[in-house]
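A.B. asks: Dropping a structure here in structure tokens format, bear with me for questions.
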Amino acid sequence: MTELGTLDRTRIRELFDLRGPTYALLGGSYHDDPYPVWHRLREQAPVHPGVLHELTGFEGPAMFVGLPEPDREHFTTFSYEACEAVYRAPETFAQWPDPVDPAVGELSPVNSMLFMNGPGHKRYRGLVQPSFVPSKAQWWIRNWVEEAVHTLIDGIVEDGHAELNVDFCAAIPVLTITGSFGIPVERALDVRAAILAPMEIVEILTPIVESRRANPQDDLISILVHAEMKDEDGTVHRLSDAEIYSFALLLLAAGSGTTWKQMGITLHLLLQRPELLAAVREDREALRLVIKESLRWMPTDPMFSRYTTKDVDFYGVHMPKGSVVHINLAAANRDPARWDRPDEFDIYRAQKPTFAFGSGPHVCLGMHVAFAELTTAIGALLDRLPNLRLDPAAESPRIIGMYERAATEIPVLFDAGDRRNARG
Ligand code: HEM
């Protein structure tokens, strides 16, 4: 995959730097630590009327799923228990207020299974689920992740210094997911740039869909093109082009937008703790614990939302039908009722499930792919860049962002020209 050299670093920066225009509307200009405010709010009540960023004291702009919806009432949940109660009652707290049908609706990221409720969602999700189970992690690693990771490291290994957040982390998930759709490397960034312009992505995908119909390959797009779906009345049919493109838009957006930020958050945590870094170098099993704790301690997307399907009284708050309920899963992940010393980053704490990947029927489909990307990428950095450390002369990384949280930059130094730099 030497074409990786064709990736334009300036364009990667434009698309992925949280301080740039792409993230401005998602709260990229929020630079504070929200957790002290969230603790205070949780202590006052598990559920508050209002929108998360406003309750946090941030005026915005800050857009995300479930916003702005000015004509609806808004509520935000802060305790683990209240967040879990929302996840567990999808009939009351629905993914979307209107019916969604990718077979007939207009092509848009909203017209996808992420916004479907009930059995329809289950049928669509069931089609791709087998490609995202833990035993498929090696398929993803072998086919796409490993090559992307090592080729990116090849590009920096002789320099002795690098910026890892955007130049390394950002590129890996976008290359992995576009690779699984058969999209050539030179178009990978075009796909990312066009996430809100579906027709441009369709244009890229059309010849690939046609070619996989005739000649399936060992990739995700071939699985989608040949998948058979059983409708409510028992009829079995192959997915239409509209259904395939709806899946593609969701997976390309979800697959390329999250993992890179979590990778940066995890690296920032590791590099600021040299003793932990040394422990992980010695014992790679510890890397899994670091990633899990990073997902608890600072999930990159702190909030997802639901719509009430009827009037509900919930933890002492009355929510009229059609309200938007924002699940502050990041606050739930630090609820002291569930975790001792919740603000401490402690990889050896008792293991309990967190909400970093959500919960319930819409729990993250790609979580094992994300884990595969995180372990492969961080493991390879530790293997191939000896004495990897933060650059003491550069500004220290900070975590910023409201609804999409990520590191600013991760400037590092390492020993170049060491024989260990070679690919394993
Ligand atoms: C660290 C990385 C990731 C995080 C933190 C994350 C987080 C989440 C969360 C919280 C949800 C639930 C949304 C909700 O409750 O409304 C979700 C759903 C989803 N994620 Fe991820 N995600 C990550 C990586 C990925 C990757 C790599 C993929 C694809 C390859 C992916 C695909 C999806 C899809 C398709 C859904 C919707 C599932 C459904 O509606 O049934 N995610 N993700």
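The values are calculated or read from the model by the stated rules, or taken from the named source; none is laboratory data. Computed from a prediction, not measured in an experiment: that's the story for all the values here. Glycine gets a Cβ as well: all are built from the backbone with ideal geometry, and neighbour counts include every protein chain shown.
A.B. asks: Among (1) over 19 Å from T151 (Cα atoms); (2) within 16 Å of the ligand (Cβ to nearest atom); (3) small (G, A, S), where does A372 come up short?
C.D. replies: All conditions pass for A372, except number (1).
A.B. asks: Of the residues G182, G155, which is on the phi > 0 side of the Ramachandran plot and small (G, A, S)?
C.D. replies: G182
Residue-wise test of (1) buried (at least 22 other Cβ atoms within 10 Å of the Cβ); (2) among the charged types (D, E, K, R); (3) under 24 Å from the mean Cα position of the chain (by Cα).
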| position | (1), (2), (3) |
| --- | --- |
| L249 | yes, no, yes |
| G255 | yes, no, yes |
| M263 | yes, no, yes |
| L269 | yes, no, yes |
| P274 | no, no, no |
| E282 | no, yes, no |
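A.B. asks: Shifting gears a bit: In the set F93, F115, F132, which member is in contact with a strand residue (DSSP E or B) (Cβ under 7 Å, 6 or more places away or on another chain) and closer than 29 Å to A332 by Cβ?
C.D. replies: F93
A.B. asks: Which of the residues that make up region 197-248 are in a loop (DSSP other than H, G, I, E, B), among the hydrophobic types (A, V, I, L, M, F, W, C) and closer than 17 Å to R125 by Cβ?
C.D. replies: A227, L239
A.B. asks: Scan region 162-177 residue by residue and report those that are surrounded by fewer than 24 Cβ atoms within 10 Å (Cβ to Cβ) and over 18 Å from R423 (Cα atoms).
C.D. replies: Result: E163, D167.
A.B. asks: May I pose another question? May I ask you to verify whether L41 is touching a residue at least 24 places away in the same chain (Cβ under 8 Å), among the hydrophobic types (A, V, I, L, M, F, W, C) and farther than 20 Å from W260 by Cα?
C.D. replies: Spelling it out, L41 is indeed touching a residue at least 24 places away in the same chain (Cβ under 8 Å), among the hydrophobic types (A, V, I, L, M, F, W, C) and farther than 20 Å from W260 by Cα.
A.B. asks: For region 103-115, what are the residues that are more than 12 Å from the ligand (Cβ to nearest atom), within 24 Å of the chain's Cα centre (by Cα) and of a type outside the set (A, V, I, L, M, F, W, C)?
C.D. replies: S108, N111 - these are the residues of region 103-115 that are more than 12 Å from the ligand (Cβ to nearest atom), within 24 Å of the chain's Cα centre (by Cα) and of a type outside the set (A, V, I, L, M, F, W, C).
A.B. asks: Between a residue in region 248-267 that is over 17 Å from H362 (Cα atoms) and any residue that is of a type in the set (S, T, N, Q) and near the ligand (Cβ under 8 Å from one of its atoms), which pairs come within a Cβ distance under 7 Å, given they are 6 or more apart or on different chains?
C.D. replies: K261/T300; Q262/T300; I265/T300
One line per residue, one yes/no per condition, for (1) within 16 Å of the ligand (Cβ to nearest atom); (2) of a type outside the set (V, I, T); (3) at pLDDT 95 or above:
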| position | (1), (2), (3) |
| --- | --- |
| Q217 | no, yes, yes |
| E228 | no, yes, no |
| L249 | yes, yes, no |
| E282 | no, yes, no |
| V290 | yes, no, yes |
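A.B. asks: Further question: May I ask you to list the residues in region 396-406 that are of a type in the set (G, A, S) and surrounded by fewer than 24 Cβ atoms within 10 Å (Cβ to Cβ)?
C.D. replies: S396, the sole residue that qualifies.
A.B. asks: Under 8 Å between Cβ atoms, at least 6 apart or on separate chains: pull out the pairs that start in region 170-196 with a residue that is within 20 Å of L18 (Cβ to Cβ) and end on any residue that is within 13 Å of the ligand (Cβ to nearest atom) and among the charged types (D, E, K, R).
C.D. replies: From residues that are within 20 Å of L18 (Cβ to Cβ), the pairs are I172/E373; P173/E373.
A.B. asks: Are any of the residues in region 346-363 surrounded by fewer than 21 Cβ atoms within 10 Å (Cβ to Cβ), without any contact (Cβ under 8 Å) to a residue 12 or more places away in the chain and within 12 Å of the ligand (Cβ to nearest atom)?
C.D. replies: Within region 346-363, one or more residues are surrounded by fewer than 21 Cβ atoms within 10 Å (Cβ to Cβ), without any contact (Cβ under 8 Å) to a residue 12 or more places away in the chain and within 12 Å of the ligand (Cβ to nearest atom).
A.B. asks: Then there's this: When you go through V317, V312, V325, V236 one by one, which is the residue that is more than 10 Å from the ligand (Cβ to nearest atom) and buried (at least 22 other Cβ atoms within 10 Å of the Cβ)?
C.D. replies: Checking each option against the conditions leaves just V325.
A.B. asks: On the given criteria, is E14 closer than 20 Å to R405 by Cβ, part of a loop (DSSP other than H, G, I, E, B), free of Cβ contacts under 8 Å to residues at least 12 places away in the same chain and out of contact with any strand residue (DSSP E or B) (no Cβ under 8 Å at 6 or more places or on another chain)?
C.D. replies: no
A.B. asks: Enumerate the helices (runs of 4 or more DSSP H) found wholly within region 32-130, keeping only those where 2 or more residues are buried (at least 22 other Cβ atoms within 10 Å of the Cβ).
C.D. replies: Where helices (runs of 4 or more DSSP H) fall fully within region 32-130 and carry at least 2 residues being buried (at least 22 other Cβ atoms within 10 Å of the Cβ), they are 35-44, 52-56, 80-87.
A.B. asks: Still on this model: Looking at (1) farther than 18 Å from C364 by Cβ; (2) in contact with a Phe, Trp or Tyr (Cβ under 7 Å, 6 or more places away or on another chain); (3) at pLDDT 95 or above, can you tell me which one A85 breaks?
C.D. replies: (2)
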